[in-house]
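This report refers to the structure that appears directly beneath it.
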Amino acid sequence: MVAPHVGIDAIATHVPKLFVDMPTDFAASRFLDMGCSSREQLASKITNGIGIRKMSMTDAHEDPVTMAAMAVRALIEKTGIDPQDIGFLAVGTESGVDQSKSAAAYVLGILENYFDRPMRNCMAPQYQFACAGAMYGLESALNLFRSGEFSKKYAVVVATDIARYELKSPGESTQGAGAVALLISGNPRLLAFESRTLGSCTRDERDFFRPNWRKTAVVDGKYSTQVYLDVVQAAYEQSIARLREKPENEGKTLSELVPHIVCHVPFPKMAEYMASRFLPDILRSDASMPCDLPVPPKNPTTEQIREHEKSVRAHPTFQRAFQRTMADSLHFAGEVGNIYSGSLFLALASFLEQANPADIEGKRVLLCSYGSGATALVNSAIVQSGYAEAHAKFSLEEHLRSETKGGRRRQITMNEYEYLHGLQDVAPESTATQTKFMTRKSLVAPHDEFALVGFGEQDNNHGLRLYKYIR
Ligand code: HMG
């Protein structure tokens with residue numbers, strides 16, 4: 001497969017140290033609120049029905065900017081690149097910290113101070129479209145290289161988000177926090193993107209949104225899963241149609257065209273829901289393997305479609321295909337939770353770390369983003385040979401290990417979780433004429449990390465976020 005050379009050269013992930021253990025502490029505290037008769041019943045629903053084991057939480061000194069800066073710091077240090085060779089630093093987020101200033105400007109300032117290297121020629125935009133913001137940033141970065149206008153060696157796109165729902169709401173178990181930074185280059189060691197393969201779909205939807213005055217999203221959970229399926233499927237079909245237009249793909253079956261798929265993962269079960277749309281056609285296209293999946297009903301209602309897709313997911317032929325095409329991408333989502341714009345790229349990092357290199361080198365992977373409100377971008381990339389060696393130093397397995405197993409992550413209690421969940425920038429006792437900032441006390445004092453240390457209190461910097469590297 002001939003691949004044009006622009007794509008992802010390295011991926012670094014930063015997940016906060018703190019987490020809530022879902023089958024024990026969370027299920028014990030919430031089973032009655034969630035309509036379950038026991039902790040065990042809710043634990044089974046969360047771990048088996050939804051797919052989550054740990055929910056990552058930001059400490060009081062962490063926010064989307066510090067997480068993004070931590071991920072980019074890891075990217076720069078582990079690849080050994082010069083920050084001055086970065087000409088485009090884009091942040092994709094829906095947890096924006098300012099109505100006007102780009103979060104990427106804050107990240108750039110933190111990195112300039114830390115590395116003591118000015119980055120004045122670097123562009124630093126913020127991209128927002130719910131969970132698809134970073135994918136829009138990635139497409140822009142690829143096109144900068146393709147246009148021939150870009151004079152620097154690297155672009156960086158960093159997805160960073162804190163997923164928050166109301167306490168005791170159905171979405172609460174799918175919260176999370178983290179950042180994923182992508183190094184984009186004209187000689188990528190991990191994934192090279194194909195050209196003219198982008199598929200897109202956008203619909204003006206109400207499935208999930210967060211007005212400026214709200215800290216948590218307004219979400220219609222069941223409806224959001226349906227919108228996700230329909231919008232991603234439409235973008236996927238356009239991407240497949242464009243792949244089919246390429247002379248080198250003439251005569252190829254769908255199963256040859258699409259060996260691997262990585263999706264936005266708000267929770268691991270969602271990827272299975274999506275797979276029950278994708279995989280039947282892929283399997284039926286392969287004449288060498290008879291497909292014995294259940295046949296869809298004629299003129300089905302929405303409920304019949306749901307039941308049919310459930311019977312497809314339970315079928316051994318589906319499960320084998322799912323293991324082959326998508327399962328490797330889900331390994332870490334259950335250990336972190338939803339990280340909104342970063343979830344797709346956490347899934348990509350998982351795919352690269354978990355798959356057998358012999359199975360994926362030189363093969364196509366379709367990246368399927370989704371952002372509520374609603375949009376999907378689907379694009380195609382080829383896994384580069386030697387990727388596993390290049391990616392080895394960014395191991396997530398180690399980053400996500402908990403303290404009890406000798407790692408860095410610390411389990412917190414439900415009281416501690418609810419304290420952190422309730423933190424805001426501005427204190428409730430603020431008035432229309434006087435803004436007071438909330439006192440934010442960390443559960444674990446920051447160490448060797450970037451921290452939010454306060455807010456400007458003068459007339460000329462009132463509310464400006466103040467960050468520091470804490471040794
Ligand atoms: P729910 O309504 O509590 O769950 O919340 P459910 O009743 O749909 O059950 C989920 C699964 O658990 C089902 O499996 C149950 O059978 C099973 P299925 O039948 O579908 O295969 N189950 C059990 N399994 C084992 N043991 C048990 C048990 N009980 C039930 N005891 C919902 C689900 C997604 C609605 C909720 O989590 C929610 O509101 N989440 C937030 C919204 C969301 O994540 N939507 C996803 C699509 S939209 C998206 O991805 C965009 C987003 O990332 C934001 C952005 O773009 O910015 C969210």
Wholly inside the range 364-434, helices (runs of 4 or more DSSP H) that include 2 or more residues that are under 21 Å from the mean Cα position of the chain (by Cα) are 387-391, 396-399
Among the residues of the range 34-48, is there at least one that is in contact (Cβ under 8 Å) with a residue 40 or more places away in the chain, among the hydrophobic types (A, V, I, L, M, F, W, C), out of contact with any Pro (no Cβ under 7 Å at 6 or more places or on another chain) and within 16 Å of the ligand (Cβ to nearest atom)? yes
Considering only residues that are over 18 Å from Thr66 (Cα atoms), surrounded by 14 or more Cβ atoms within 10 Å (Cβ to Cβ) and touching a helix residue (DSSP H, G or I) at 6+ places or on another chain (Cβ under 9 Å), which ones fall in the range 405-449? Gly407, Arg410, Gln411, Ile412, Met414, Tyr417
Can you find a residue that is in contact with a Lys or Arg (Cβ under 8 Å, 6 or more places away or on another chain), closer than 21 Å to Leu466 by Cα and of a type in the set (D, E, K, R) anywhere in the range 43-64? yes
Condition test on Ala181, is it more than 14 Å from the ligand (Cβ to nearest atom), outside any loop (DSSP other than H, G, I, E, B) and in contact (Cβ under 8 Å) with a residue 24 or more places away in the chain? yes
Quick one: count up the residues across the range 87-136 that are in a strand (DSSP E or B) and touching a Cys at 6+ places or on another chain (Cβ under 8 Å). 3
Of (1) under 17 Å from Val107 (Cβ atoms); (2) part of a helix (DSSP H, G or I), Pro16 fails just (2)
Output the qualifying pairs, or none if there are none: Cβ atoms under 6 angstrom, residues six or more apart or on different chains, first residue in the range 91-107 and without any contact (Cβ under 8 Å) to a residue 60 or more places away in the chain, second residue within 16 Å of the ligand (Cβ to nearest atom) and of a type in the set (A, V, I, L, M). Ala103/Val91; Ala104/Val91
Note down all Cβ pairs under 7 Å where the first residue falls in the range 209-229 and is under 17 Å from Tyr340 (Cβ atoms), the second is more than 6 Å from the ligand (Cβ to nearest atom) and in a helix (DSSP H, G or I), and they're at least six residues apart or on different chains. Thr225/Tyr273
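Just the residues that are of a type in the set (S, T, N, Q) and under 9 Å from the mean Cα position of the chain (by Cα), please, taken from the range 320-360.
Once the filter is applied, which keeps residues that are of a type in the set (S, T, N, Q) and under 9 Å from the mean Cα position of the chain (by Cα), the range 320-360 yields Asn338, Ser341, Ser343.
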Scan the range 233-254 residue by residue and report those that are of a type in the set (A, V, I, L, M) and either out of contact with any Ser or Thr (no Cβ under 8 Å at 6 or more places or on another chain) or in a loop (DSSP other than H, G, I, E, B) (or both). Ala234, Ile240, Ala241
Could you go through the range 96-105 and let me know if any residue there is hydroxyl-bearing (Ser, Thr, Tyr) and under 14 Å from Ile184 (Cα atoms). no
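A short reminder: the numbers here are calculations on the coordinates, not readings from a lab. Not measured: the values here are computed from a predicted model. All Cβ positions, even for glycine, are placed from backbone atoms using ideal geometry, and neighbour counts span all protein chains on display.
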